[in-house]
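Following: one structure in structure tokens, then a few remarks.
The values are calculated or read from the model by the stated rules, or taken from the named source; none is laboratory data. Just so it is clear, the model here is predicted, and its values are computed rather than measured. Here Cβ is always computed from backbone atoms with ideal geometry, including for glycine, and neighbour counts include all displayed protein chains.
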Amino acid sequence: MRIGVLTGGGDAPGLNAAIRAVVYRAEFYGYEVLGIVDGWAGLLGEGNVRPLRRDDVAYIMPLGGTILGTTRTNPLKTEQHRKELQANLKKFGIDALVAIGGDDTLSVAAALAEMGIPAVGVPKTMDNDIAETDYCIGFDTAVSTVVFALDKLNTTASAHRRVMVVEVMGRDAGWVAVVGGLAGGADFIAIPEMPCTIAQMCEQIAGGRQRGKPFNIIVVAEGAKITDLPEEFDLGATDAFGHMRLDRRSIGDRVAREIECRTGLESRVTVLGHLQRGGSPTVFDRLLATRVGVAAVDLVHEKRWGYLPVLKDNRITAVRLREAVAHNRTVDMSLYDLARVFYA
């Protein structure tokens, strides 16, 4: 058995821990592993793969990013790409695929399994929005970064009595904003699942000032729906999966300017951006990546194609890939309501 492993989509802390787990478990079964370079792009054109053995991955667990590289490539976009992918699987003698990624990467893996190509998945996304799992690789590290930043911004905001607007990642789901904002003491949290207004933010800020709080922290997910902001300009071309670049919304900056205009309070923005993706993974992400990486190879060994190992109630179980990508896992509104208890 020769397993091909790839990391696709946005990078996240814990990817290397998952790669390491795949290699170690594969060698336990006597299987070979080929690392596919730059996600699905490594199976297009002439292909780009490299052998992975224990010595190659023994020390990569604490490293951020991915030693295999990653791209937002859709290998099913054209018939030519499909042919190249199938030809490269044959050329490199790959008997099974382990795709580590988020919704887009796993959607491709699901489609390949339905086409008869042996494939399983591993759930990775710092947005934590893959259905059928409680946590995804990268989320815990991302929210830890958000909380670290909010702790620092609280001190400078209080010193200057400012409103600090913090823009965090979250295209379709506000898990990073809600969990990070709740743990970091945010005074208002804007997420994609719950439309809100600048007027509501200003009301919350005013109430807090009347109660004696001299500063405010507002957390805004990049995909937040704020209904009384001016219309957005053209955000440019989309990626291979039809997604626009949300950093071009500049939603944090626009919110800060609107708040300052309406309240007269000095407001500043901090865009955490790719800091949330970077650095060494937390203990939780290292352990989760290790558990699901091992479980993915177990699925290969059992020939359970089209499945994905997930974390439910702190136990690893398997679900169908198609079920996991059928919809986004959105924020539990009870958690959002809990955060609102602590608004200024």
Residue 64, sole failed condition from (1) over 22 Å from residue 276 (Cβ atoms); (2) small (Gly, Ala, Ser); (3) crowded, with 16+ Cβ neighbours inside 10 Å
(1)
Collect the residues in the range 1-31 that are within 15 Å of residue 91 (Cα to Cα) and of a type outside the set (Lys, Arg), keeping them in residue-number order.
1, 3, 4
Among residues belonging to the range 316-326 that are in contact with a helix residue (DSSP H, G or I) (Cβ under 7 Å, 6 or more places away or on another chain) and among the aliphatic types (A, V, I, L, M), point out the one that is surrounded by the most Cβ atoms within 10 Å (Cβ to Cβ).
321
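Quick one: in the range 263-315, which of the residues that are basic (Lys, Arg) and more than 19 Å from residue 325 (Cβ to Cβ) is surrounded by the most Cβ atoms within 10 Å (Cβ to Cβ)?
Within the range 263-315, the first condition is being basic (Lys, Arg), and the residues that meet it are 268, 277, 286, 291, 303-304, 312, 315.
Now narrow it down to the ones that are more than 19 Å from residue 325 (Cβ to Cβ): 268, 277, 286, 291, 303, 315.
Numbers: 268: 17, 277: 19, 286: 23, 291: 19, 303: 11, 315: 9.
Only one residue tops the list, namely 286.
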Can you name the number of the only condition in (1) in contact with a strand residue (DSSP E or B) (Cβ under 8 Å, 6 or more places away or on another chain); (2) over 14 Å from residue 310 (Cβ atoms); (3) aliphatic (A, V, I, L, M); (4) at pLDDT below 95 that residue 131 fails?
(2)
Tell me whether the range 79-93 contains one or more residues that are assigned by TED's automatic domain parsing to the domain that holds residue 305, surrounded by fewer than 16 Cβ atoms within 10 Å (Cβ to Cβ), in contact with a strand residue (DSSP E or B) (Cβ under 8 Å, 6 or more places away or on another chain) and without any contact (Cβ under 8 Å) to a residue 60 or more places away in the chain.
no
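Yes/no per residue for (1) among the charged types (D, E, K, R); (2) in contact with a helix residue (DSSP H, G or I) (Cβ under 6 Å, 6 or more places away or on another chain); (3) in the same structural domain as residue 186 (by TED's automatic domain parsing):
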residue: 264; (1), (2), (3): no, no, yes
residue: 308; (1), (2), (3): no, yes, no
residue: 329; (1), (2), (3): yes, no, no
residue: 337; (1), (2), (3): yes, no, no
